[in-house]
1. Restricting to region 56-71, name every residue that is at pLDDT 95 or above, touching a strand residue (DSSP E or B) at 6+ places or on another chain (Cβ under 8 Å) and part of a loop (DSSP other than H, G, I, E, B).
2. Filter region 37-58 for residues that are closer than 18 Å to residue 104 by Cβ and not charged (D, E, K, R); which is surrounded by the most Cβ atoms within 10 Å (Cβ to Cβ)?
3. Given the conditions (1) in a strand (DSSP E or B); (2) farther than 24 Å from residue 143 by Cα; (3) at pLDDT below 90, which single one is not true for residue 98?
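The values are calculated or read from the model by the stated rules, or taken from the named source; none is laboratory data. Everything numeric here is computed off the predicted structure, so don't read it as measured data. Reconstructed Cβ throughout: ideal geometry from the backbone, glycine too, with neighbour counts over all protein chains shown.
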Amino acid sequence: MADPLFESRTARLGLPLLYAGQIQKELFLNESLARIDGLLYCAIEGEANAPPANPGGGQAWLVGAAPTGPWTGQAGAIAIWQSGNWLFQAPRPGLRLLNRSTGQDIRFTTAWQSASRPPTPTGGTTVDAQARTALAALYDSLTIAGVLPAA
């Protein structure tokens, strides 16, 4: 039931809002609590295009770029298994996740980002150039991880 004077969902996480006299308030409240439970200190099991066969309650995954089955149309969203159903949360800038499968933090700005390991410098005749290249790659990785600000 939409109220013309108020928004129907919160601005940041899209949590459903309650209205005075609303029927079945517990459905809206339970959905909000399930989303908060899945997103607060969010840790995903990994990234996948298809849902796992036997998800555990409260487990979450980052939906891949080519989702299938019940995840179709949810690319890039967080899929949270709650009470036998999938809840999908669209990412918002500033959202951070722990990827349990890699042990790495990932974050969302305009797309999901995670740092990649810079290549290890190898031997050569110009050590200074290799050191500068390695440091530049390290700076780039730390910037992507959100440790350093963008230049």
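1. Scanning region 56-71 gives a single hit, 64.
2. 44
3. So the condition that residue 98 fails would be (2).
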